[in-house]
Amino acid sequence: MIKFDKLWETMKRKGITQYDLYTTYGVNRAQVFRLKHNLNVQTNTLDRLCNILECDLDEIAEHFQDDNFFK
C-alpha cells in the first residue's frame, strides 16, 4: 500500500496549504481527496507535487507491505 501521510508533513514544512494547491497550483480537489484517502493517483500528479514542493518522491509517499500482488 502506498500512503501519502508524508505529503501533509512536507506541505506544512514548506508552508503550502491544500487551498494553495487548488488556487495557486491548479491541483484538482478530487486528486487531493484521493491523496488524503491513500487512493490511486497518477504518476503525473506525484510529479507535479514534487515540482510544487521542490522535493523528492520519498518526501510525499511511502510504501507499506501488504497482500497486493500480481497473479
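What the table below lists for this structure:
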item: 3J(HN,Hα) from dihedral phi, the stretch 31-46, Karplus parametrisation 6.51/-1.76/1.60, rounded to Hz, x for glycine, proline; result: 5, 5, 4, 4, 5, 5, 9, 6, 8, 5, 9, 6, 5, 4, 5, 5
item: Accessible area of the chain divided out per residue, in Å², using a probe of 1.4 angstrom; result: 75 Å²
item: Glu9 versus Tyr22: modelled label distance in nm, points set 7 Å from Cα along the beta carbon direction; result: 2.6 nm
item: Net charge of Cβ neighbours under 13 Å - reference Asn51; Lys, Arg +1; Asp, Glu -1; result: -2
item: Stretch gain in nm, segment Asn40-Asp67, where the contour uses 0.36 nm per residue and the Cα spacing is subtracted; result: 8.1 nm
item: Where Cα atoms sit under 22 Å apart: lysine pairs in the chain separated by 8 or more or lying on different chains; result: 7
item: Computed FRET value (nearest 0.05) for Phe33 with Asp58, which takes r as the C-beta separation and R₀ as 25 Å; result: 0.65
item: Within the accessible area of the stretch 1-61 (1.4 Å probe), percent carbon and sulfur; result: 47 percent
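The values are calculated or read from the model by the stated rules, or taken from the named source; none is laboratory data. No experiment lies behind these values; they were computed from the predicted model shown. Note that each Cβ is placed from the backbone with ideal geometry, even for glycine, and that neighbours are counted across all protein chains shown. The protein model used for the area step is the full one, side chains on, heavy atoms only, and it has no ligands, DNA or RNA in it. Shrake-Rupley method; radii C 1.70, N 1.55, O 1.52, S 1.80 Å.
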